[in-house]
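Note sheet for the following structure.
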Amino acid sequence: CAYSGYLASQLAERPDYPEATPQFIDTIARAAALHDVGKVGVPDSILLKPGKLTPEEFDVMKTHAVVGAELLEGLIQEYGRYAMITMGAEVARCHHEKWDGSGYPAGLQGREIPLSARIVAIADVYDALTSRRVYKDAWSHGETADIMRADAGRHFDPALLEIFLARPADLAKIRQ
């Protein structure tokens, strides 16, 4: 959440991102937490598996994007529109889309992917790589930045990624 809010706040300083308003920044800082809500529909045997997933298991894991979006869209239908839930549904559905169109669930590419989801995709991967997990140690900022830059234009929006990585000291403060 903090990384997403940070990146959105960096965009507010740029005229080519007029949608990065104070309300957008506040909303994404909260809505980013909902990106994986659909994992409630994925069996623990897959979620907690310490090794690599089989292709069949990965297909089940990929359903979390649509499950999460549909869950949040159901809340919207029942209780009305709230900015955080609306953006959360968008992020849940689209945070695994990739800049080059090779992501899921819809194969969106480039600016077809909502800005909120492009931001969360960067923040989520950065957080995952720089955090210790059962199956790996935390990577340094430098290692993480190198890996992510190698995926700029494929996985990530290259302009957003460079903005995100431009101030390593800021990212270190957030990580602490």
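The values are calculated or read from the model by the stated rules, or taken from the named source; none is laboratory data. All values reported here derive from a predicted model rather than from experimental measurement. Cβ coordinates were reconstructed from backbone atoms using ideal geometry, including for glycine residues, and neighbour counts include every protein chain displayed. Surface areas here come from the heavy atoms of the whole protein model, side chains and all, with no ligands, DNA or RNA. Shrake-Rupley method; radii C 1.70, N 1.55, O 1.52, S 1.80 Å.
Would you confirm, using the coordinates I've provided, whether Arg118 is closer than 15 Å to Asp157 by Cα, open to solvent by 10 Å² or more (accessible area, probe 1.4 Å) and charged (D, E, K, R)?
Values: closer than 15 Å to Asp157 by Cα: yes; open to solvent by 10 Å² or more (accessible area, probe 1.4 Å): yes; charged (D, E, K, R): yes.
When the stated conditions are applied, Arg118 passes them.
Total residues in the stretch 135-158 satisfying the condition of being open to solvent by 30 Å² or more (accessible area, probe 1.4 Å), within 22 Å of Cys1 (Cβ to Cβ) and either in contact with a strand residue (DSSP E or B) (Cβ under 8 Å, 6 or more places away or on another chain) or in contact (Cβ under 8 Å) with a residue 40 or more places away in the chain (or both): the figure is 1. Restricting the stretch 1-39 to residues that are among the β-branched types (Val, Ile, Thr) and out of contact with any Gly (no Cβ under 8 Å at 6 or more places or on another chain), the residue that is surrounded by the most Cβ atoms within 10 Å (Cβ to Cβ) is Thr27. From the list Gly74, Gly101, the lone residue that is open to solvent by less than 70 Å² (accessible area, probe 1.4 Å), at positive phi and out of contact with any Lys or Arg (no Cβ under 9 Å at 6 or more places or on another chain) is Gly101. Of the residues making up the stretch 160-175, those that are of a type in the set (Gly, Ala, Ser) and in contact (Cβ under 8 Å) with a residue 24 or more places away in the chain are Ala166, Ala172.
Test Ala128 against the stated conditions and say whether it is assigned to a helix (DSSP H, G or I), open to solvent by less than 60 Å² (accessible area, probe 1.4 Å) and either in contact with a Leu (Cβ under 7 Å, 6 or more places away or on another chain) or at pLDDT below 95 (or both). Yes. For beta carbons closer than 6 Å, sequence separation of 6+ or different chains, a first residue in the stretch 58-82 that is without any contact (Cβ under 8 Å) to a residue 60 or more places away in the chain and closer than 13 Å to Val37 by Cα and a second that is surrounded by 15 or more Cβ atoms within 10 Å (Cβ to Cβ) and basic (Lys, Arg), the qualifying pairs are His64/Lys39; Ala65/Arg93; Ala69/Arg93. Restricting attention to the stretch 97-150, the residues being under 17 Å from Ala69 (Cβ atoms) and out of contact with any Phe, Trp or Tyr (no Cβ under 9 Å at 6 or more places or on another chain) number 9.
Of Val91, Val67, which residue is open to solvent by less than 50 Å² (accessible area, probe 1.4 Å) and part of a helix (DSSP H, G or I)? If you could, list the steps in order and put the result at the bottom.
Working: Val67 fails: open to solvent by less than 50 Å² (accessible area, probe 1.4 Å).
Answer to the check: Val91.
Yes/no per residue for (1) closer than 23 Å to Val125 by Cβ; (2) over 20 Å from the mean Cα position of the chain (by Cα); (3) modelled with pLDDT of 95 or more; (4) not basic (Lys, Arg):
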site	(1), (2), (3), (4)
Arg14	yes, yes, no, no
Leu47	yes, no, no, yes
Glu57	yes, yes, yes, yes
Lys62	yes, no, yes, no
Asp100	yes, no, yes, yes
